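First comes the structure, then the notes that go with it.
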Amino acid sequence: MIIDFRTAKKIAAKHGTPVIAISENRIKHNYNTFKKYMPRVEVHYAVKSNGHRGVLNILRNCGSNFDVASFAEIEYLLSIGVDATRMIYSNPVKMEQDIVRAYNVGVEWFVYDSDAEIKKLARYAPESEVVLRVAVANNHTMYKLSSKFGADPKHAIRLLLKAKKAGLSPTGITFNAGSHTLGAADYIEGIKMCKGLFKEAKKEGITLDTIDIGGGFPPLGDENVNSQVILQEIYEALDEYFPKETGVEIIAEPGRFLVMDAGTIITKVIGKANRGGTMWYYLDDGTSNSLTDIKFSGWKFDFLVSRRGRKKLSVLAGPTCDSFDVISKEEWLPEMEVGDLVLVPIAGAYTNGLASRYNGFEPAKIVYVNGKI
Ligand SMILES: Cc1ncc(COP(=O)(O)O)c(C=O)c1O
């Protein structure tokens with residue numbers, strides 16, 4: 001656990017709750033671990049996972065590049081001194097005005113996966129380098145990312161040729177194996193598929209020089225998955241299919257691997273009730289704020305309390321008047337009192353970024369701590 005109750009109490013006393021404590025040391029450790037296992041891979045941090053200024057500064061200083069989803073993210077990165085050439089605009093469907101603005105500030109890499117996107121990019125970002133997103137199986141992951149985006153591989157060569165004909169420069173292939181993946185198999189299939197597409201494209205007169213293996217790598221803090229082994233297996237496949245001598249540039253877009261286990265939500269019990277024999281505890285953070293991700297039923301958050309005693313079936317709910325704002329219907333917890341703190345570790349990704357102001361509740365503040373590694 002990166003934040004203990006003693007530290008959490010001090011943070012809550014100083015900043016109030018809800019608050020997310022982010023460990024700068026842990027982000028650096030995660031970045032260095034990623035680079036240790038994947039030395040040839042250029043990191044493009046997925047800003048969507050946590051776009052807070054402090055996080056972006058830490059990763060910029062580590063030497064990371066960035067994967068962006070909108071012009072707002074680009075503008076924010078520019079404001080902290082990140083050059084546009086260090087960004088890949090990886091959202092396969094972009095707003096026309098965002099393409100214009102990205103192109104004007106010097107973004108050079110755009111991802112696409114459809115005919116309609118080629119038309120927009122050719123018009124608003126002429127001659128740009130484009131990377132084709134191709135769908136791969138998402139069989140070993142908590143969150144599947146392959147239904148909304150990704151061209152069918154059988155259309156890949158046609159889409160590469162079409163981009164070239166439209167005056168764009170098709171330079172690479174990308175795929176996404178999911179988010180919070182549980183094994184390397186889908187990445188390995190994706191890498192093999194890219195190898196095949198590189199060969200086919202060459203026959204058609206297109207020389208590809210970039211493979212982007214996307215994000216999805218599970219955080220080191222998830223004890224149920226061996227993230228290092230996953231990274232190792234993916235890297236072995238990269239070495240096999242795209243050895244150094246080929247000169248192919250390899251990029252990845254990790255989000256949660258870099259930041260998820262660096263963040264701990266500190267929330268407070270603001271009310272309690274015994275409803276039909278089950279204890280209900282109301283927290284000042286909930287499913288419209290930092291815990292929005294719970295609605296997608298992927299990662300199972302842990303709720304840590306400082307009290308000891310007999311554990312009873314309990315429900316944790318958020319602060320809004322919305323009956324759906326229930327965080328967990330089945331937690332076994334000792335009896336708590338109003339004012340107690342509840343800690344939610346491994347919560348630095350897809351938490352503050354998804355928070356709304358629903359019912360007038362402000363999203364959790366972010367504070368930075370050095371924290372244990
Ligand atoms: C295109 C793309 N790249 C990278 C990521 C980051 O995924 P993760 O945070 O699981 O590494 C996502 C997540 O949705 C994505 O859509």
**Request:** Assess whether Asp302 counts as being crowded, with 24+ Cβ neighbours inside 10 Å and either in the same structural domain as Asn176 (by TED's automatic domain parsing) or closer than 30 Å to Gly183 by Cβ (or both).
**Result:** no
**Prompt:** Can you name every residue in segment 209-221 that is part of a loop (DSSP other than H, G, I, E, B), modelled with pLDDT of 95 or more and within 18 Å of the chain's Cα centre (by Cα)?
**Reply:** Ile213, Gly214, Gly215, Gly216, Phe217, Pro218, Pro219, Leu220
**Message:** Against the conditions (1) crowded, with 19+ Cβ neighbours inside 10 Å; (2) assigned to a loop (DSSP other than H, G, I, E, B), where does Leu316 fall short? Just the number, please.
**Reply:** (2)
**Prompt:** Taking segment 48-70 only, how many residues are within 13 Å of the ligand (Cβ to nearest atom), more than 14 Å from the chain's Cα centre (by Cα) and part of a helix (DSSP H, G or I)?
**Reply:** 0
**Prompt:** Which residue out of Ala137, Ala156, Ala237 is more than 14 Å from the ligand (Cβ to nearest atom), within 30 Å of Asp261 (Cα to Cα) and part of a helix (DSSP H, G or I)?
**Reply:** Ala237
**Prompt:** Mind checking which residues of segment 240-259 are within 10 Å of the ligand (Cβ to nearest atom) and assigned to a strand (DSSP E or B)?
**Reply:** Ala252
**Item:** Breaking point among (1) in contact with a helix residue (DSSP H, G or I) (Cβ under 9 Å, 6 or more places away or on another chain); (2) farther than 18 Å from Met193 by Cα, for Thr207
**Value:** (2)
**Prompt:** Can you name the residue in segment 140-153 that is in contact (Cβ under 8 Å) with a residue 40 or more places away in the chain and under 23 Å from Ile74 (Cα atoms) and, of all such residues, is nearest to the ligand (Cβ to nearest atom)?
**Reply:** Leu145
**Prompt:** For segment 181-200, does any single residue satisfy the condition of being within 16 Å of Ser90 (Cα to Cα), buried (at least 18 other Cβ atoms within 10 Å of the Cβ) and not small (Gly, Ala, Ser)?
**Reply:** no
**Item:** Flag for Asp285 being part of a loop (DSSP other than H, G, I, E, B), more than 23 Å from the chain's Cα centre (by Cα) and surrounded by 12 or more Cβ atoms within 10 Å (Cβ to Cβ)
**Value:** no
**Request:** Being charged (D, E, K, R) and within 13 Å of Ala125 (Cβ to Cβ) is the filter; apply it to segment 86-114 and report the residue that is nearest to the ligand (Cβ to nearest atom).
**Result:** Lys94
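The values are calculated or read from the model by the stated rules, or taken from the named source; none is laboratory data. Note that this is a predicted model, so its numbers are computed, not measured. A quick note on method: Cβ atoms are made from the backbone with ideal geometry, for glycine too, and the neighbour counts reach across all protein chains shown.
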